[in-house]
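Peer 1: Please read through the structure below; I'll follow up with questions.
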Amino acid sequence: MRMRMLSGKTVLMAAAMTALSLAGCSKTSTPKQVSLNDAGPAITNAFAAAPTDLQMQAGMMMAAARGGDLVGSYAQVQALSKRPDLTPEQRRAAFDAERAVLSELKTAATNGNPAAEAALQHFRMSK
């Protein structure tokens, strides 16, 4: 069996491709936690040019959150997040809002709110 010699150029190219493919592997980032106060303007901006029904759904979700109806807000943001017609910016804003509402729900459940605990149980079962 005869082995073929690899040229220096081929070896260098293979090494460069391997290095480039591994360059991003060690970088991990934790998504920044967004508060409900931060989620509001992001939702408003992301849905400003959206069709009226999307604007209304996003607005109802934020109104429920601002009014203290975290369970209602959570239901709204889940329905909003599942829509296939969202732009990437809208999907990101909805995702951040969902995380913010979920964080608030966890706090409310920890403080003894049974509706928040039930919403969290529903969330856990749906995953």
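Every read-out reported here was derived from the displayed coordinates using simple, explicitly stated rules and does not represent laboratory data. Keep in mind the model is a prediction, meaning the values are calculated, not measured. All Cβ positions, even for glycine, are placed from backbone atoms using ideal geometry, and neighbour counts span all protein chains on display.
Peer 1: Can you give the net charge of the other residues whose Cβ lies under 12 Å from the Cβ of E98, counting K and R as +1 and D and E as -1?
Peer 2: Here the charged neighbours net out to +2.
Peer 1: Please state the charge dipole magnitude for the stretch 36-126, taken about the Cα centre, from unit charges on C-beta atoms (+1 on K and R, -1 on D and E), reported in debye and rounded to the nearest 20.
Peer 2: 160
Peer 1: Oh, and also: Tell me which of M60, I43, S81 sits at the most positive position along the dipole axis of the stretch 36-126, charges placed on C-beta atoms (Lys, Arg +1; Asp, Glu -1).
Peer 2: S81
Peer 1: Based on the mean of other beta carbon atoms within 10 Å per residue, what is the order of 39-47, 97-105, most packed first?
Peer 2: 97-105, 39-47
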